[in-house]
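Student: I'd like to ask some things about the structure below.
The values are calculated or read from the model by the stated rules, or taken from the named source; none is laboratory data. Note that the structure is a prediction, hence the values are computed from the model and not measured. So basically every Cβ, Gly included, is an ideal-geometry build from the backbone, and we count neighbours across all protein chains shown. Ligands, DNA and RNA are excluded from the accessible area calculation, which covers all protein heavy atoms including side chains. Shrake-Rupley method; radii C 1.70, N 1.55, O 1.52, S 1.80 Å.
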Amino acid sequence: MKLAGTYGAVTLLLIAAIVAVSSLGGFMVLSQYDALREKEDAVTEVTRMRNGVIAIVDVVRARDALRDLRDEGEIDSTAGDALTEAADFLYVRADTLRQAIGTSLDHSSERVVRSLDNLVAVLDAVLVDPAVLDTEAEAINATVSEATAALMNYYDEQKERHVAAVAQKTHLLQQLVVTTLGLILLFALITTGTAILWRAEYVGRMRRQEAEEKANILAYYDSLTGLPNRASFLEEGARILGEADTPALILLDLDDFKIINDSYGHKFGDLVLRTVAGRISHHFHGHGGFAARLGGDEFAAVLPIADDSDGLQSFVDELILELSANVTADGLKISPRLSVGAVMPHMLTGAEAPTLQALIRAADYALYEAKSNGRFRGRIYDAKMAASLATRREMKLEMPRALARDEFFIEYQPQFNLVTGRLHGFEALARWRRGGTVVPPGVFIEIAEEDDFIVQLDAWVLKHAMAEAVTWNRVAPQPIKISTNLSARNFHSPDLIERIQDMLQTTKLPAELLTLEITESVLIEDWVQTLETLSDLSRLGIKIALDDFGTGFSSLSYLRRLSVNEVKIDRAFVVDIETSDRTRMMMDALVDIAQRLGMQLTIEGIETEPQAKILADLGGEVGQGYLFSWPVTATEALDLSASGKRVALHNGTHANAVQADPNT
């Protein structure tokens, strides 16, 4: 196995340490072994010296025998043999002792050697001439006594040395055992440490490998849905598009996903995303395609084999229906809806090459078209979409300059009391005259809401409408209210309350005559901040209207949770009220809810007399629509306010059916 990094280097050092310590330990053991052998030689020397002492004892015994013989006056052969044998044994003992002492002579050993030499000389003399025993008796006795004393002294010293040698031998044996055990323990520790380091290196390598794999997953896969992510799609999508003969690129986007999150919670929203992602992956893999999550609620896919435009449209329609199957969890159920845009390379015209990025842009045009036409549908790209989007971009860049050039103007939609026919107020409507042509509000308002220009436009409309309302109320016989739309971006701007307070102070308009109309798109942004802003506006005395009521699936929930002053019913509840019993029953229920909650009910889109009559009979309070009046200019609104005229109800079906108030 290859060493890696620090652990490999440390392991090499440990191996070197093991070799060094083992060598040092072996040297120490051998040194102690040699020292032990030396101590064993010392013990052997003592043993030899003890033999010498025994010889001295024999000499003493021989001396005593000679003394006895001398006293008797003769030496027989037995005594002579004994003396000769003793002399020979002593001679051998002395020589052995001399050799054992060797060259390591100290004062004590020199004395022994010298006394032994003298004694041997005396013995030789006695063996030659027994008469010496008599003539040299004192000298012989002195020599024997000196040899005996020297040997005994040396014996005592060597005995002490022998005891010390035995003790030192025991100590050396103990050191040898301790050193050996220490080496074994050190080797075990080093081996264990090496094993631990190797294991740490292995674990570290495995963790790095796992981290790299996770990083690769994070780099190329979406953590929530498990689908490939944008980076993976750009690589794999380009490959498939390059290899396939008739590929198609498809973009998918969940409709109103933010509403799902805010209404049901992010946990359920994540479940919807995972479920839809699984369905998308299964569907496209079944057709040999590749699907990915680009981010948020956006998905993309590449289909390697696609038919013509009609076939692709059929595929997209079937896909939308399949993906809209119910998602249920914890008692919640929702049918996810998606908008889809698709394109094939041959659909791109002009000089633009059918690259992946070009196809993504084209599919995005088609997706935008699908969302602009009501959502929950699919669109196949054509060149007109690109031209339309280019026009939108031009308009977006042009609008700020148009506001500075006074190309924007305001029209006012009159509102009337459905019971008395009196003028109730006006709704301010922004208009844009671009190059001599009035741009439909549904076009430029949608573009303005894509960035912060809508905040400028809202403020401009609100300021001018409030100033006009002050003028109307100076000449009107009854209070005339003014209502204006407030975009989600403007509603959630941090300085909204401060700006409106400044406008009220500047224009001197009573706050109770001002109504701000908001839609569900305002409410889904930030619920806590929404409640705080609504509360601040209410404290100023401003009225709040919930606009386009009935077009969103959460409207009744908002009525229950919010304190609004007015509910505006969308014209979708009016168009067939003459012929549909169901619509009339729903309108009756809405009127009842509004009355019970103390809210004013304003009905939009009234265009015929029967509609007005039915709505008045059901209890509708305020209405607006082409039956009563088209939107008017500020001057016409001033005249209408001053005239005191009221609409003639139940007497005609034409627009602008306004007559003078008989009381004026």
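Student: So for the pair residue 576, residue 88, with labels modelled 7 Å out along Cα→Cβ, what separation do we get in nm?
Tutor: For residue 576 paired with residue 88, the spin-label model returns 15.3 nm.
Student: Hey, what's region 126-261 come to in accessible area per residue, 1.4 Å probe, Å²?
Tutor: For region 126-261, the solvent-accessible area averages 59 Å² per residue.
Student: Can you give the alpha-carbon Rg of region 157-284 over 2.2 N^0.38 Å, where N counts its residues?
Tutor: So region 157-284 has a normalised radius of gyration of 2.57.
Student: Next up: Quick check: the distance between the Cα centres of region 128-144 and region 400-462, to the nearest angstrom?
Tutor: Cα centres, region 128-144 to region 400-462: 158 Å.
Student: OK, next. For 581, 95, what's the largest-to-smallest order of accessible area, 1.4 Å probe?
Tutor: Accessible-area ranking of 581, 95, largest first: 581, 95.
Student: Can you give me the long-range amide H partners of residue 632? Hydrogens built in the peptide plane at 1.01 Å from N, cutoff under 5 Å, separation of 5 or more residues or another chain.
Tutor: 412, 413
Student: Over all pairs of distinct alpha carbons, what does the Kirkwood formula give as the hydrodynamic radius of region 291-386, in Å?
Tutor: 14.3 Å
Student: If you rank 221, 368, 381 by how much accessible surface each has, with a 1.4 Å probe, what is the order from largest down?
Tutor: Descending order: 221, 368, 381.
Student: Amide H to amide H under 5 Å from residue 337: which residues, 5+ apart in sequence or cross-chain, H placed 1.01 Å off N in plane?
Tutor: Here 255 satisfy the definition.
Student: What percentage of the solvent-accessible surface of region 415-569, computed with a 1.4 Å probe over protein heavy atoms, is contributed by carbon and sulfur atoms?
Tutor: 51 percent
Student: Suppose accessible area is computed on protein heavy atoms with a 1.4 Å probe; arrange 123, 252 from highest to lowest.
Tutor: Final ranking, largest accessible area leading: 123, 252.
Student: Could you tell me the accessible area of residue 349 in Å² (1.4 Å probe, neighbours in place), rounded to the nearest ten?
Tutor: 90 Å²
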